[in-house]
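To start, the structure itself, in structure tokens.
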Amino acid sequence: MKRRDLEKKLRIAGCYLKREGASHSLWINPKNGVIETIPRHNEIKEALAKKILKNLNAE
């Protein structure tokens, strides 16, 4: 999955970017306070993208 597509799904679910790191970005879901790291690669493996969406309740 493309990183921009994953970020788009997260924004639709109400998540927002907390901060940028050197190799990861931190995204937070304000509804439940869960924070998840997202690697800063153009392409993110499908299994990892699904795990991130599940953990942030953005499915």
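Bear in mind these aren't lab numbers, they're just calculated from the coordinates by the rules spelled out. Remember, predicted model here, so these are calculated numbers, not experimental data. Reconstructed Cβ throughout: ideal geometry from the backbone, glycine too, with neighbour counts over all protein chains shown.
Once label points are set 7 Å from the Cα along Cα→Cβ at both Val34 and Ala22, what is their separation, rounded to one decimal in nm? Using points 7 Å along Cα→Cβ, the separation is 2.8 nm. Farthest toward the positive end of the dipole of segment 3-55, out of His24, Asn42, Leu53, is the Cα of Leu53, where the dipole comes from beta carbon charges about the Cα centre.
Bridging of Lys45 to aspartates and glutamates at a Cα separation below 18 Å is possible for Asp5, Glu7, Glu36, Glu59, once same-chain residues fewer than 8 apart are set aside. Between the amide H of Ser25 and those of Ile38, Arg40, distances stay under 5 Å, these residues lying 5 or more places away or on another chain, with hydrogens modeled in the peptide plane.
Each of Ile52, Ile12, Ile28 has some number of other Cβ atoms within 10 Å of its Cβ, and from fewest to most they run Ile12, Ile28, Ile52.
Across segment 26-34, coupling constants 3J(HN,Hα) worked out from phi with the 6.51/-1.76/1.60 Karplus curve, θ = phi - 60°, read 9, 10, 10, 9, x, 5, 10, x, 6 Hz, and Gly and Pro carry x.
The calculated 222 nm mean residue ellipticity attributable to helices in the chain amounts to -10000 deg cm²/dmol, summing -39500 (n - 2.57) over DSSP H runs of n ≥ 4 and dividing by all residues. Our estimate of slack between Arg11 and Glu46, defined as 0.36 nm per intervening residue step minus the Cα-Cα distance, is 10.8 nm.
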